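Chemist: Sharing a structure here in structure tokens format.
All of the numbers you see were taken from the coordinates with simple rules; none came from a lab. Because the structure is predicted, anything quoted here is derived from the model rather than measured. Because the Cβ atoms are built from the backbone with ideal geometry, glycine has one as well, and the counts that use them run over all protein chains shown.
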Amino acid sequence: MASIFQPDFEGNWVVQANPSEPCQPGFYCIPVSQTSQFPLLGAGAYVDLKVNRWVQFEAEGRWQRWNQYADIHQDNYLAGPKLPLYRFGRATVYGKTLFGFSKMDFGYLFGSLTGKAQYTDFAFGGGMDVKLTKHLTLRPVDFEYQYWPWWNNSSISPYGASVGMSYKIF
């Protein structure tokens, strides 16, 4: 699949003692959640497990590495239930609730790498699957709203959309 996501972090840092001041070298600084002007683009993979008509699960991995600002990028590893809501013709509209973790590389601060961190991630979304053949399914749209509740001293809410294809093995 291919994705475009608003990462909810633009690389802004502030001194912890005074959030109105910009971060300066030598002080303890924290990242600030803020809408980015640079949406992340990425590639990913997903697996659907259909137990029966109403019991389905989805797992996905997404690596958002293109269109980075200040070398900031995110990776997501999520899994959870998927509920088919409405079927018409070869198309099925679904909703999903996924849980897992995401990794974030904070890029560069003051000319040195600040490192990566891992966070708990809850994702809520939905989309549509269109069965093209017995084995091929097109996913023309998949929306996802993520919530990272323990992101440093606050939370962030990345959101985005994906498109993709799947191949049925069994």
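Chemist: Is it the case, given these coordinates, that Phe101 is on the phi < 0 side of the Ramachandran plot, loosely packed, with under 15 Cβ neighbours inside 10 Å and either in a strand (DSSP E or B) or among the small types (Gly, Ala, Ser) (or both)?
Modeler: yes
Chemist: Would it be correct to say that Gln64 is polar (S, T, N, Q) and touching a His at 6+ places or on another chain (Cβ under 6 Å)? Break it down stepwise before answering.
Modeler: Working: polar (S, T, N, Q): yes; touching a His at 6+ places or on another chain (Cβ under 6 Å): yes.
The answer is yes for Gln64.
Chemist: Next question, about the same structure. Here are some conditions: (1) at negative phi; (2) within 14 Å of the chain's Cα centre (by Cα). Phe106 meets all but one. Which one does it not meet?
Modeler: (2)
Chemist: Just give me the residues in the range 146-170 being surrounded by fewer than 15 Cβ atoms within 10 Å (Cβ to Cβ) and either among the β-branched types (Val, Ile, Thr) or in contact with a Pro (Cβ under 8 Å, 6 or more places away or on another chain) (or both), in sequence order.
Modeler: Within the range 146-170, Ser155, Val163, Ile169 qualify.
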